[in-house]
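This report concerns only the one structure given below.
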Amino acid sequence: MHIAMRDRIALVVLLGFMAAAPVFAQGEYGLGHPATDEEVAGWNIDIPPSGEGLPEGSGSVANGKTVYENTCASCHGKTGAEGGIGDRLVGGKGTLDSDDPIKTVGSYWPYAPTLFDYIRRAMPQTAPQSLSADDVYAVTAYLLAENDIIKDDMVMDAKSLPKVQMPNRDGFEKDSRPDVNDERCMEDCSAMTSGAP
């Protein structure tokens with residue numbers, strides 16, 4: 001746990017320096033450099049609800065069970081229904097409207113591709129981004145099957161995963177705050193940011 005926290009702090013510091021690098025490189029301090037396309041690509045691995053950008057590879061429920069037992073069970077319990085150091089991942093159907101909701105992959109999570117995204121970027125907690133795309137597809141398939149969302153003989157990949165209909169897909173309301181609906185500026189943005197600190 002101590003190592004994971006240290007690594008998280010180091011990542012936050014690194015990202016802060018990367019964000020500030022273009023400013024410092026041009027300023028009086030002479031620190032940093034603008035991020036290269038290759039450096040940005042290494043961090044630009046997020047997957048939206050549509051599944052756009054899912055990598056090549058595939059994983060079966062059976063392989064996912066093995067990956068889960070070897071990589072996830074120590075924190076989330078033998079099958080994911082038990083929980084432990086980490087949250088429960090299985091069960092909770094019908095509890096969201098109760099006084100004691102159980103938020104799991106099966107009861108709460110809205111989109112299967114974002115489950116893949118979260119596992120790939122953040123799990124296992126002690127070694128994030130250490131699983132191969134095949135392993136992430138497999139453990140995603142396992143969790144979906146354990147929650148009775150897909151059949152035990154299914155294989156998940158970039159084509160099949162976005163087609164999975166999660167039980168709570170329509171259980172969220174769109175965020176109406178204007179700052180979360182604005183489109184990001186992706187080129188010629190200096191006019192928009194001049195005057196920004």
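A few points about this structure:
- Test result for D134, out of contact with any Pro (no Cβ under 8 Å at 6 or more places or on another chain), touching a residue at least 24 places away in the same chain (Cβ under 8 Å) and part of a helix (DSSP H, G or I): yes
- When the stretch 99-150 is filtered for residues that are more than 13 Å from L89 (Cβ to Cβ) and of a type in the set (V, I, T), the ones remaining, listed by number, are T114, T126, V136, I150.
Residues are listed down the side, and each one gets a yes or a no for (1) in contact with a Pro (Cβ under 6 Å, 6 or more places away or on another chain); (2) part of a loop (DSSP other than H, G, I, E, B):
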position: G106; (1), (2): no, yes
position: P113; (1), (2): yes, no
position: P124; (1), (2): no, yes
position: L143; (1), (2): no, no
position: D152; (1), (2): no, yes
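- Filtered residues of the stretch 109-123 (kept if touching a residue at least 24 places away in the same chain (Cβ under 8 Å) and surrounded by fewer than 19 Cβ atoms within 10 Å (Cβ to Cβ)): P110, T114, R121
Any read-out appearing in this document is the output of simple, stated calculations on the displayed coordinates, not a laboratory observation. Since the model is a prediction, treat every value here as computed from it, not as a measurement. FYI the Cβ positions are ideal-geometry reconstructions off the backbone, even for glycines, and counts take in every protein chain you see.
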